[in-house]
Amino acid sequence: MLAVVALVLSGCAGAGTLGLPEGARVVTIAIVSNPQMEDAIELSPRFEAENPDIKLRFVSLSENEARAKITASVATGGDEFDAVMISNYETPQWARNGWLTDLDPLMAQTPGYDREDFTPSIRNALSGPDGHMYSVPFYGESAFLMYRKDLFEQAGLTMPAKPTWEQVAGFADRLTDRSQGRGGICLRGKPGWGEVMAPLDAMINSWGGRWYDPQWNAQLNSPEVREAANFYVDLVRRDGQAGAAGSGFSECGNQFSQGNTAMWFDATVAAGLLENPEESNVVGKVGYAPAPTGPGGLPSSWLYSWALAIPKTTADKGPEQVDATWRFLSWMTSKPYQRMVGEELGWTSVPPGARQSTYEIPEYVESSKAYGPQTRAAINAANQDRPTRDPVPYTGLQFVGIPEFQDLGTRVSQQISAAVAGQQSTDEALEQAQQYAQTVGEGYQQSGEDQ
């Protein structure tokens with residue numbers, strides 16, 4: 001029987017584990033509680049049936065909580081988790097620090113696993129400085145604009161093939177109808193570097209803004225960043241959802257799927273949820289447009305992947321523990337897993353973006369025809385090595401790929417969220433954010449180090 005357990009659970013196990021066969025091993029996985037990951041937990045008894053010598057234990061955490069607890073565990077050499085769910089933000093940095101197991105040898109010895117099938121931009125983003133992969137993608141995502149085709153038609157509006165943010169704001173003004181409880185657009189306002197900062201950073205890039213210049217001088221009070229941030233906050237306050245300062249991905253998804261907002265700019269992975277009739281009231285009513293461009297014509301690009309990695313501490317438990325952990329990771333990120341999700345839970349539930357072969361499965365192609373091609377194009381076009389117009393000393397499109405960003409991004413997000421809540425002006429938020437960023441930048445200037 002599957003066990004979802006508390007964080008304090010020890011993942012160390014081996015021969016003699018109570019209630020398990022002799023030689024059986026327990027594998028403890030820290031996982032983010034997003035819908036696709038919950039599907040994996042639901043299906044995992046299949047893996048256990050096929051691998052009776054392995055018992056799985058999941059620690060399921062919210063997104064913000066997962067980042068904090070997984071980072072604390074891996075960075076301090078804790079051994080609570082045999083496998084962790086991380087992203088293209090953590091993977092290159094942690095690989096450089098020697099905190100993760102090189103997965104290339106494990107992939108090479110796994111028949112049919114097919115490393116080269118991973119989407120190239122995602123594969124590269126999950127590689128370390130040596131070019132080896134240190135995590136394997138469960139799903140990959142970029143961003144696009146989701147909009148209600150029926151509401152646009154009723155209002156006599158047409159979504160352009162390549163919308164600008166200025167056009168989107170005009171549509172939001174037209175479609176906001178407070179008497180019907182409907183906002184024109186949903187944008188995240190919840191604090192967290194992976195919450196409000198994700199779409200806002202994408203928008204800042206589209207204005208040509210950046211966090212740092214190549215000399216690590218903070219740029220959060222530059223004209224480009226000021227204009228983009230003021231545009232974002234003004235738009236969500238004017239046409240956004242109720243309680244915007246507390247809305248993240250899940251809350252906006254709920255607003256859109258229940259018909260309470262006309263547009264939503266967010267991660268491409270949301271499309272499968274909106275087209276699932278068991279979870280959504282807007283199935284078949286949604287159009288998908290490219291991420292809007294800013295004043296300079298730059299897109300609001302985005303590249304992210306929730307992926308699975310094996311901390312180096314797992315190796316301390318012996319090669320058998322690494323083998324057992326990899327057997328589950330390779331199962332959960334394999335081609336057969338994608339097909340099993342489609343056949344058992346529905347094709348809209350298939351984790352998107354990670355594998356190119358997913359987009360060759362006829363049933364998936366048919367079920368995702370409204371959003372699959374747009375998702376794939378957005379992921380392929382994203383380049384986290386060149387996030388914005390001018391040069392920067394970091395990588396990352398909707399984050400800054402430096403260790404300090406876990407704290408810095410969260411602090412800045414709190415300032416922006418307070419502006420969304422109307423507790424301060426956006427300019428006041430950015431002045432405080434600039435001070436935070438400058439302090440981090442000075443550390444790099446003094447050390448003479450790059451990222």
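The values are calculated or read from the model by the stated rules, or taken from the named source; none is laboratory data. In this text, all values refer to a predicted model and were calculated from it rather than measured experimentally. No Cβ is skipped: glycine too gets one built from the backbone with ideal geometry, and neighbour counts run over all protein chains shown. Only protein heavy atoms, including side chains, enter the accessible area calculation; ligands, DNA and RNA are left aside. Shrake-Rupley method; radii C 1.70, N 1.55, O 1.52, S 1.80 Å.
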### Message
For the chain, what does the helix formula give at 222 nm: sum of -39500 (n - 2.57) over DSSP H segments with n ≥ 4, over the residue count, nearest 500 deg cm²/dmol?
### Response
-12500 deg cm²/dmol
### Query
So which of 285/335; 69/335; 190/285; 190/312; 190/369; 149/369 end up more than 21 Å apart by C-alpha?
285/335; 69/335; 190/285; 190/312; 190/369
### Surface share of carbon and sulfur [accessible, 1.4 angstrom probe, percent] for segment 239-316
49 percent
## Note on the structure
Farthest towards the positive end of the dipole of the chain, among 176, 445, 334 and with Cβ unit charges of +1 on Lys and Arg and -1 on Asp and Glu, lies the Cα of 176
### Query
How many percent of the accessible area of segment 126-166 is carbon or sulfur, using a 1.4 Å probe?
48 percent
### Query
Which one of 290, 72, 204 has its Cα pushed farthest toward the positive end of the charge dipole of the chain, where Lys and Arg give +1 and Asp and Glu give -1 at the Cβ?
290
### Query
For the pair residue 97 and residue 154, how long in nm is the line joining their label points, each one 7 Å along Cα→Cβ?
5.0 nm
### Message
Out of the total accessible area of segment 35-93 (probe 1.4 Å, heavy atoms of protein only), what percent is carbon and sulfur?
### Response
50 percent
### Query
Using the beta-carbon distance between residue 62 and residue 404 and R0 = 22 Å, what value does 1/(1 + (r/R0)^6) give for FRET efficiency, to the nearest 0.05?
0.45
### Query
Over the chain, what lengths in whole Å, largest first, do the semi-axes of the equivalent ellipsoid take, defined as the square roots of 5 times the eigenvalues of the alpha-carbon gyration tensor?
36, 27, 19
### Task
Only Lys, Arg, Asp and Glu count, each charged at its Cβ (+1, +1, -1, -1), so figure out the dipole size of the chain about its Cα centre, rounded to 20 debye.
660 debye
### Message
If the only charges are +1 at each Lys and Arg Cβ and -1 at each Asp and Glu Cβ, what is the size of the charge dipole of segment 16-142 around the Cα centre, to the nearest 20 debye?
### Response
260 debye
### Task
Return one number: the angle in degrees, 0 to 90 and rounded to the nearest 10, between the long axis of the Cα atoms of helix 63-75 and the longest principal axis of the Cα atoms of the chain.
50 degrees
### Task
Quickly work out the residue 164-to-residue 424 label distance, labels modelled 7 Å from Cα along the C-beta direction, and quote it in nm with one decimal.
3.2 nm
### Task
Quickly rank 303-315, 396-408 as a protection proxy: mean count of other C-beta atoms within 10 Å, highest first.
303-315, 396-408
### Query
How big is the antiparallel share of DSSP beta bridges in the chain, given as a percent to the nearest 5?
60 percent
### Message
How much accessible area per residue does the chain have, counting only protein heavy atoms and a probe of 1.4 Å, in square angstrom?
### Response
38 Å²
### Task
Relative to the longest principal axis of the C-alpha atoms of the chain, give the angle of the C-alpha long axis of helix 426-447, reported between 0 and 90° and rounded to the nearest 10°.
50 degrees
### Message
Run the reach check for residue 55 against aspartates and glutamates, Cα to Cα strictly under 18 Å, same-chain hits fewer than 8 apart removed. What comes back?
### Response
22, 38, 39, 42, 79, 80, 82, 320, 323
### Task
Quickly work out the residue 386-to-residue 442 label distance, labels modelled 7 Å from Cα along the C-beta direction, and quote it in nm with one decimal.
3.4 nm
### Summary
With the dipole of the chain defined by +1 on each Lys or Arg Cβ and -1 on each Asp or Glu Cβ, the option from 353, 259, 367 whose Cα lies farthest towards the positive pole is 259
